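*Asks:* Right, I'll just put the structure down here and ask away after.
The values are calculated or read from the model by the stated rules, or taken from the named source; none is laboratory data. Since we're looking at a predicted model, the values are computed, not measured. In this analysis, Cβ positions are derived from the backbone assuming ideal geometry, glycine residues included, and neighbour counts consider all displayed protein chains.
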């Protein structure tokens, strides 16, 4: 901020950089603090605006010192703005701000928290709905985040709705009428993470053999994770069961359980840990499970399993 050319870079530019995470490698605090208002002043001034004003003043004092009678006056000691105490944005809010300013999710994707469910329980992506012929007569499932919702009324006065769902590779707009609208309208809210299951079938009253995707079931992805997934089954080659692996995996599971206990909800159920230790040379497999620990399927566990190249399945 002390070096920025403020004749080129304005406050709006600085805010866009902060929203997109452009300062993340230079700061030790969450980017949300840039936009915290200064409560000490009567005028509402964000922290990033305070920083800009500070930088401009420092530059002005340096310039004044250089132009003084002696050519090298002392620069006035200007106090730097202190980082305000403010609550951090949640992951979804942070990612939405990234997308607003640069047009895409940069540091992560909102669906990453549910990637394990998407990879194991979804047969299709939203982009597949543009070509339904390959799924004719099949039941398929996919997941996404709701990005827009419209509640409308037909010419006869009956309510219907449209909502757009977005996944990693594309988006698709769905229209719900009649009983389907009444049944699923409670899921039509922005930022809902949905698991959608249905069947590809001939469109009613169509003479051309046109196909449609008929929604049969919708659940929130958090509900799928908490209530439908009962077990995670991990296949462990014997050579992978090293002292280091056991230590790292144990610490990960205990940390997962500690976090779960702090925010545990009665309606949640957590996955049983099952293992198959495989000795390929001897052709022996030992099956076991943990009596003590049940886990919540978080991205940390998935990353650990994938980093160690371990196969796993859900049931």
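*Asks:* Taking the stated definitions as given, is residue 25 surrounded by fewer than 14 Cβ atoms within 10 Å (Cβ to Cβ) and at pLDDT 90 or above?
*Replies:* For residue 25, the condition - surrounded by fewer than 14 Cβ atoms within 10 Å (Cβ to Cβ) and at pLDDT 90 or above - is met.
*Asks:* Here is a list of conditions, (1) at pLDDT below 90; (2) exposed (fewer than 13 other Cβ atoms within 10 Å of the Cβ); (3) farther than 30 Å from residue 145 by Cβ, and residue 293 meets all of them except one; can you say which number that is?
*Replies:* Just one mismatch for residue 293, condition (2).
*Asks:* On the given criteria, is residue 139 over 16 Å from residue 172 (Cβ atoms) and out of contact with any helix residue (DSSP H, G or I) (no Cβ under 8 Å at 6 or more places or on another chain)?
*Replies:* Taking the combined requirement at face value, the residue satisfies it.
*Asks:* If you don't mind, there's one more thing I want to ask. Find the residue count for the stretch 181-196, including only residues that are crowded, with 17+ Cβ neighbours inside 10 Å, more than 19 Å from the chain's Cα centre (by Cα) and either touching a residue at least 24 places away in the same chain (Cβ under 8 Å) or not assigned by TED's automatic domain parsing to the domain that holds residue 117 (or both).
*Replies:* Here the count works out to 1.
*Asks:* Name, by its number, the condition in (1) in a helix (DSSP H, G or I); (2) over 25 Å from residue 114 (Cα atoms); (3) touching a helix residue (DSSP H, G or I) at 6+ places or on another chain (Cβ under 6 Å) that does not hold for residue 224.
*Replies:* Answer for residue 224: the failing condition is (2).
*Asks:* Right, another one. Given (1) out of contact with any helix residue (DSSP H, G or I) (no Cβ under 6 Å at 6 or more places or on another chain); (2) in a strand (DSSP E or B), identify the lone condition not met by residue 245.
*Replies:* Status for residue 245: all satisfied but (2).
*Asks:* Mind listing whichever residues of the stretch 197-210 are in contact with a helix residue (DSSP H, G or I) (Cβ under 7 Å, 6 or more places away or on another chain) and surrounded by fewer than 18 Cβ atoms within 10 Å (Cβ to Cβ)?
*Replies:* Result: no residue meets the conditions.
*Asks:* Among (1) touching a strand residue (DSSP E or B) at 6+ places or on another chain (Cβ under 6 Å); (2) part of a loop (DSSP other than H, G, I, E, B), where does residue 309 come up short?
*Replies:* Of the numbered conditions (1) touching a strand residue (DSSP E or B) at 6+ places or on another chain (Cβ under 6 Å); (2) part of a loop (DSSP other than H, G, I, E, B), the odd one out for residue 309 is (1).
*Asks:* Moving on to the next point. Here is a check on your reading of the model: is residue 273 within 27 Å of the chain's Cα centre (by Cα), at pLDDT 90 or above and under 22 Å from residue 237 (Cα atoms)?
*Replies:* So residue 273 fits the description; yes.
*Asks:* Of the residues that make up the stretch 114-125, is at least one over 30 Å from residue 297 (Cα atoms) and not in a strand (DSSP E or B)?
*Replies:* Looking for residues that are over 30 Å from residue 297 (Cα atoms) and not in a strand (DSSP E or B), one finds none in the stretch 114-125, hence no.
*Asks:* Checking the structure you have, find out if any residue of the stretch 28-40 is in contact with a helix residue (DSSP H, G or I) (Cβ under 9 Å, 6 or more places away or on another chain), modelled with pLDDT under 90 and more than 17 Å from residue 79 (Cα to Cα).
*Replies:* Yes: the stretch 28-40 contains one or more residues that are in contact with a helix residue (DSSP H, G or I) (Cβ under 9 Å, 6 or more places away or on another chain), modelled with pLDDT under 90 and more than 17 Å from residue 79 (Cα to Cα).
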